[in-house]
Amino acid sequence: MTRIFLIRHGETEWNRQGRLQGNSNVLLSPEGMRQAKLLAAHAPFHTVDAIYSSDLSRAVKTAEILAEKFNLPVIQKRELREVNFGEWEGRTLKELTADNNDGFEKFFTKPDKVQPKDGETFLQCQARVVTAIDEIVAAHEGQSIVVVSHGAAIRLLLCAELAIPIRKMWAISQFNMAVNILCVDNGNTVVELVNSTLHLYNF
């Protein structure tokens with residue numbers, strides 16, 4: 001059985017401001033650094049065989065803090081990136097909601113119908129993230145793997161594993177530095193944990 005510890009990166013300033021980050025390279029905030037260090041100190045896993053990360057800096061830094069504890073390199077995988085939000089990136093949800101002429105009004109109600117200009121659909125993101133996880137599982141059969149990715153990307157992966165339609169993706173909470181656990185055995189995936197942030201509050 002392969003166990004995947006699927007982790008959302010720590011907080012950034014854009015998270016605090018409610019800005020869409022997508023493929024923009026945004027650094028962890030001081031709070032995000034603190035969150036990553038708390039997870040490293042109180043991780044719900046004691047042994048790790050490999051650590052993978054999206055190649056965006058907020059995910060890489062989160063992974064590097066964990067990797068230091070386990071004395072492992074961080075393997076960057078572009079396919080683990082967040083959804084590419086195109087022209088919406090860098091804008092706040094409030095701004096995008098007010099500018100109601102570019103399709104953003106469907107973002108939360110019909111995400112399966114959304115495609116930002118110069119960006120990608122949620123379905124396209126889901127396909128590449130699922131493929132990336134399948135490749136990681138194939139390379140690490142029977143091992144425990146950390147994967148650091150992003151809020152929407154993780155929701156889309158969970159939707160795929162649980163056969164939940166993309167239009168319901170926002171029904172899954174995914175906080176900064178949340179831990180999710182997937183167990184894969186002979187091609188069958190069991191979701192053991194979703195959106196746990198216990199490590200941030202009990203210490």
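What to note about this one:
- Which listed pairs, of 37/113; 69/94; 94/168; 77/110, have C-alpha distances above 31 Å, in listed order: 37/113; 69/94
- Counting charges near residue 140 (Lys, Arg +1; Asp, Glu -1) among other residues having Cβ under 15 Å from its Cβ returns a value of -3.
- Under the combined filter of DSSP loop state and at most 13 neighbouring Cβ atoms within 10 Å, segment 1-109 retains these chymotrypsin sites (Phe, Trp or Tyr not before Pro): 108.
- Principal semi-axes in Å for segment 130-203 [√(5λ), Cα gyration tensor, largest first]: 20, 17, 11
- Among 199, 42, 9, sorting on how many other beta-carbon atoms sit within 10 Å of each Cβ, with the fewest leading, yields 42, 199, 9.
- By the count of other C-beta atoms within 10 Å, a proxy for reagent exposure, 177, 1, 169 are ordered fewest to most as 1, 169, 177.
- Average projection area in nm² (convex hull over Cα atoms of the chain, one quarter of hull surface): 10.4
- Cα coordinate range in segment 1-88, projected on the principal axes (Å, largest first): 40, 26, 20
Every number here is computed from the coordinates shown, using simple stated rules; none is lab data. Everything numeric in this text was worked out from a predicted model, so none of it was measured. FYI the Cβ positions are ideal-geometry reconstructions off the backbone, even for glycines, and counts take in every protein chain you see.
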